[in-house]
Amino acid sequence: MASTTSPALTIGFDLDMTLIDSRPGIHACYQALSERTGTYVDADLAISRLGPPLVEELANWFPEDRIAATADLYREMYPTVAITPTPALPGAREAVRAVQEAGGRAIVVTAKYEPNAKLHLEHLGIEPDAVIGDLWAEQKALALREYDAAVYVGDHTGDIRGARTAEAYSLAVATGPFEAEELRAAGADAVLPDLTAFPAWLEDYRGTAA
């Protein structure tokens, strides 16, 4: 007899500026990188445009032939400089738990270097069911499809593109570089002010999808 059990609801979350406020840690890491390399990086400017991969930001400050080695250096320095000062955003832990308490899976899909993404989550006591790093924008659809994610939550227009590519519901949070109106214009199915509103949204979504 064929099983009538529905697959568990899987919801993906972005990391930077969705689950964590990574600006303090990244700011400190760029300042340390400037001191280490002797190349000026405007850390205030860099943290105003978080989302794309590290190498895209480094290309604004370093010649092409130094970007790969500089990225390696940044990632090496990151654990000792950036983890401790980085807080969870309001509602982050509760959002992940809400998915799991509803019998679903919560996964994190991020452009951040995966080992450092895991360090952030471990430090903050956020416990998703899986963490997949090094994926940006449309590339995030690779992990979202692999885990059969029905929803992807993010703060960036690149997250919306990733959800759309995976044919997942795009839920945006206005905690990153884009205002709610910009996120809607980019194609988000719904926009929340932050993750404190997520548990109520999830309850409504599950009721609609049932």
Quote the FRET efficiency, to the nearest 0.05, computed for Ser34 versus Glu179 with a Förster distance R0 of 35 Å and r equal to the Cβ-Cβ distance.
0.70
Among Thr157, Ala197, Ala32, which residue has its Cα positioned farthest towards the positive end of the charge dipole of the chain, with +1 placed on the Cβ of Lys and Arg, -1 on the Cβ of Asp and Glu, and the dipole taken about the Cα centre?
Ala197
Neighbour cut-off at most 15 other Cβ (10 Å), DSSP loop, GluC sites (Glu not before Pro), region 118-210
Glu167, Glu179
Counting only helical runs of four or more DSSP H residues, what would the 222 nm mean residue ellipticity of the chain come to if each run contributes -39,500 (n - 2.57) and the total is spread over all its residues?
-13500 deg cm²/dmol
The Rg/Rh figure for the chain, Cα atoms and Kirkwood Rh, to two decimals is 1.00
What is the set of long-range amide H partners of Leu9 at a cut-off below 5 Å, with H atoms built 1.01 Å from backbone N?
Arg105
Kindly state, to the nearest 0.05, the FRET efficiency for Ala68 paired with Asp44, given R0 = 22 Å and r defined as their beta-carbon distance.
0.30
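We did not get these values from a lab; they are worked out from the coordinates using the rules stated. What you see is a predicted model, and the numbers here were worked out from it, not measured in a lab. All Cβ positions, glycine included, derive from the backbone under ideal geometry; neighbour counts span all protein chains shown.
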